[in-house]
1. Given the alpha-carbon gyration tensor of the range A:4-147, what are the semi-axes of its equivalent ellipsoid in whole angstrom, ordered largest first, with each equal to the square root of 5 times an eigenvalue?
2. What Kirkwood hydrodynamic radius do you get for the protein assembly as shown when you take the inverse of the mean 1/r over all pairs of distinct Cα atoms, in Å?
3. Pairwise over distinct Cα atoms, reciprocal of the mean inverse distance: report the Kirkwood radius of chain B in Å, one decimal place.
4. Taking a probe of 1.4 angstrom, what is the accessible area of A:TYR116 in Å², to the nearest 10?
5. Using a 1.4 Å probe, what is the accessible area per residue for the protein assembly as shown, in Å²?
6. Can you give the angle from 0 to 90° between the axis of helix B:35-56 and the longest principal axis of chain B, with both taken from C-alpha atoms, to the nearest 10?
7. Work out the length of the dipole vector of the range B:1-68 about its Cα centre, built from +1 on the beta-carbon of each Lys and Arg and -1 on the beta-carbon of each Asp and Glu, and round it to the nearest 20 debye.
8. Full extension from A:ASN24 to A:ASN49: what is 0.36 nm times the residue separation minus their Cα-Cα distance, to one decimal in nm?
Amino acid sequence: MSFTQNKETREAEEALVREFQGGNLKAYDKIAEIYQKRIYALSFNLTHNPMDAQDVTQEVLLTLFKKANTFKGKSAFSSWVYRIALNTTYMKLRSRKKEPNVSLEDLLPSYNTSGYQQDKIQDWSENTESLLFANETREVIQKAVDQLPEKEKVVFVLRDGEGLSTEKVSDILDLTIPAVKSRLHRARLFLRKKLSPYFEEYHSQRGKK
Amino acid sequence: MICCKECLDLLSDYLDGDLDAQTSSSLEEHFQDCPPCIAFLNTFKTSTELCRESLSKVEIPEMVQIKLKEFVTQNMRKKE
């Protein structure tokens, strides 16, 4: 689900919020309709637990119902909703036992003193289309995303999972554009390396057929 | 010519179309002479695309949508 908000959408949503703040309950119904899928997807990608994602979505919808009058329009309404969704998800995750994160540094490319690659790279990138249809692939990807350090994970989920722009992510997380870009890049490097053994095996299996 | 590290550091910007034409050409020049970086580029691009596809495929189950709809309606009734 990709979400790139243009000026018209932003204005239409903020008109809905003003209507709800003015007491029009139907506007709340519409706001809930617009956001529940995004909140669920975001929370699911961070928790990988359908019950947690459902609870978080419900809690966020309740917060929007109770706190919409505190929205002052300093940033886009969508950024405000994403921040509430992230905070609610983190509260949920705090009550869970946490798997230790893998060190990100270990999974970054290694270079010699002249800056040339030292790792042996196998190119497994061809014929990977059918991988997407396998449930196993999704599980492997979810596990790898779970192992990302928090700072990188949230940027990756918002940017590549939710399809938000770099600017939007920087607004939601209150980070500079270079910080968003650097975390996204580190997350992608981590995932490439983490997923490579699985994809390499898939590639070599196909080669044998 | 730029080295592998400089090239791989800019890979996300390159794929996201955030580099100026001159820097993009420097990367492409490097790729021409460096098979390991080509393999890295291809696998980086593919793993990023597969992850993006996989994460964006999350859908809210119908049953959950129905429950949330009931919840929203209850909230609205309380305020009426």
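The values are calculated or read from the model by the stated rules, or taken from the named source; none is laboratory data. Just so it is clear, the structure is predicted and the values come from calculations on it, not from any experiment. Glycine gets a Cβ as well: all are built from the backbone with ideal geometry, and neighbour counts include every protein chain shown. What goes into the accessible areas is simple: the full protein's heavy atoms, side chains included, and nothing from ligands, DNA or RNA. Shrake-Rupley method; radii C 1.70, N 1.55, O 1.52, S 1.80 Å.
1. Working: eigenvalues 303, 68, 56 Å².
Result for the range A:4-147: semi-axes of 39, 18, 17 Å.
2. Working: mean 1/r = 0.0483 Å⁻¹.
After inverting the mean inverse Cα-Cα distance, the result is 20.7 Å.
3. Values: mean 1/r = 0.0619 Å⁻¹.
Over chain B, the inverse of the mean reciprocal pair distance is 16.1 Å.
4. 80
5. Values: 15210 Å² over 289 residues.
I get 53 Å² per residue for this part.
6. 10
7. On the way: 5 positive and 13 negative charges, 83 e Å.
Using only the charged Cβ atoms, the result is roughly 400 debye.
8. Numbers: separation 25, 0.36 × 25 = 9.00 nm, distance 3.38 nm.
Computed gain between A:ASN24 and A:ASN49 is 5.6 nm.
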